[in-house]
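Below you'll find the structure, written out as C-alpha cells, and then a few comments.
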Amino acid sequence: MATPQLDKYNLSNDGSEVIAQRLQIDSYAQKDRNELQSYYSLDRIVQFITSHGYKRIALQFPDSLLPDSASLALEIQTISPQSIDVFILADTSYGSCCVDEIAASHGNADCLIHFGSACLSPLPVLYVFGRHPVDANKCKENAVYETLHAQYPNLIASEIKVGKLSAIVESSAKLLEDKENQSCDQEEYGRIFHLHEGKEIHDYVIFYIGSEGLTLTNLMMSYNKCRFYSYNPDLDSSRSESLSVNKALMKRYYLIQKAKEALVVGIVIGTLGVADYLQTLDRLKAVLKAANKKTYTFSVGKINVAKLANFMEIDVFVLVACPENTLLDSKEFYKPILTPYELEIACLKEREWDGTYITDFRQLLPGNVGLSEGGLSNLEFNVDDERKNRNPDYSFITGHMQYTSLRDDDENINHDKQQSLVTRDRMQVIQHHTSAGEFLSNRSWKGLDDTPDDDSSPINVVEGRRGIAAKYDNENIY
C-alpha cells in the first residue's frame, strides 16, 4: 500500500498514514496444552492454590508472556478441584519483575502468582519462572570444562530459595564427595549462596546460566570483584562476560559527583511492593537534611523521560526501586538518576566507597548486614555536624564556584518576616537566596505579572476588540 504523500502547501495530512503503518511485533509461539503443563508447572500451581484454600487468584504476567495468559488461566480453572476465580494482571505500575500488590488488591485477590523474571522481593507470593530447557551435558562441556574446570576445579553455584529445590553437585567437584562440607550461607538479592567456611563471595567465580538481561547486569555490578561466565541455553553458547565493570563504575562515580553539587534532590518511588521502602524513604530524607539539600518526593509509576522532564527544578533524582530496576541509564534523561547507596556516598562523609556496590536499598537500613564489619547500622550521622559547610566549592564538572548545600537563609527564614509586608522591587526577583528562586530567576518566562505597571492603582473597565483572531474589526488586511 502506498504511503500517502503530503500536499505541497499543507503542513499535515489526513492521518491515514497511521492506519497504513505496519507495526513490527516480536513473534512469540503460543504454547499448546502440553507445553503449558511442563513450562509453567501447572501441578505445582494447583497444589499451591488447593493447599491454602484460595478462591480468588491473580496471575501477573510480563509483556513477553501475555500470549499464554488466557490459555493458562483457563487451564488452571479447569484442572483445579475447587471452584476458583482467576484474573490476569498486566501493565504493572512499576517494573514487571516486581509484584503488583496494588493491582491485586483492586481485584480482592486471595493470592498472587507471579510469572517470568522476578527481583525476588520478600513477599508471600508464588514465583513461577518457567522451566527453560537446558542440556546439562552441553552446558558442562561448553562452559565448565572448556573455560573453568582447568583453573577452578571446585565450583559452587547459587540457589534460588523457592519451596524445596534439589541441589545438583557435579561429580568432578571432588572436594564435595564423601566428605563433610563445612559451609556458611550468604543471602543476598533473594538468593542463597553456599560458601565454604572462611570464604566470601568475591573469592569465587560466578557461573550464570540464562540469557543476558537486568539480572546478570545487577549481579555483575554488585559482585564486581568476581569473574563472570555465562551459558545461554537458547543459543547453546557460553562466554566470558566482558562487561567493562570498571567503566560502568566510573560512570556511576560521575553521578555521585553530580549529587554532591546538587542543591535540590528528587526522591522517586519506584516500587510499592519491596519491603522497607518507606523506611528507606525516611532515611534518605534524613540524609539529605543532614547534607542541607532540598528534597521533593515523587511517585509517577513507570519512569520515563517525559515524566521526569516535568520537574526541571530538580538537580538529581534518587530512585527507590528493586535491585533489578534501580540501575537506570541516565543518558536519555535530562537529569542524573542515582541509587540510594550512591546518594549516601555523595552526602555522608562517613560513607566511603571501598569498591563494593550495593543495589538493594534494604542493606542500608539499620539492622541489616552490609558493607562494613558489624553491618551498616553502625553508620550514624549528625545533622548539625553535616551542615557546617556554607562556603562555595570549586566544581570539577562545571568549572566554577558554586554552593554544594543550601545556605541558612534557604530554610531558616523567620516566620514573622514571611508574614510582614515589604516594598516590592520590580528588579528584584527573589528576596532570599533559595534554590527554587534561583532557578526561577534563570527562566526566560517567569509567569504572569499581576502588576504590569508601576502604578498600582485600579484600571477602569474598557471595551475590548471585536472579531476573530484571523481579523479583528480594527485591523486592516491588505
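Structure values in brief
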item: Listed pairs 251/446; 294/331; 199/331; 225/294; 55/307 exceeding 30 Å between Cα atoms; result: 251/446; 199/331; 225/294; 55/307
item: Proximal charge balance of residue 83 [Cβ under 12 Å; K/R count +1, D/E count -1]; result: +1
item: Label-point separation, residue 55 to residue 200 (7 Å along Cα→Cβ), nm; result: 5.3 nm
item: Residue 37 versus residue 348: modelled label distance in nm, points set 7 Å from Cα along the beta carbon direction; result: 5.4 nm
item: Nonlocal amide H pairs with residue 295, under 5 Å, H built at 1.01 Å; result: 265
item: Full-extension gain in nm, residue 334 to residue 257, via 0.36 nm per residue minus C-alpha separation; result: 26.1 nm
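Where a number appears in this text, it was derived from the coordinates with a stated rule and is not lab data. Here the structure is a predicted model, which is why all the values come from computation and not from measurement. When we count neighbours, we look across all protein chains shown, and the Cβ atoms used for this are built from the backbone with ideal geometry, even at glycine.
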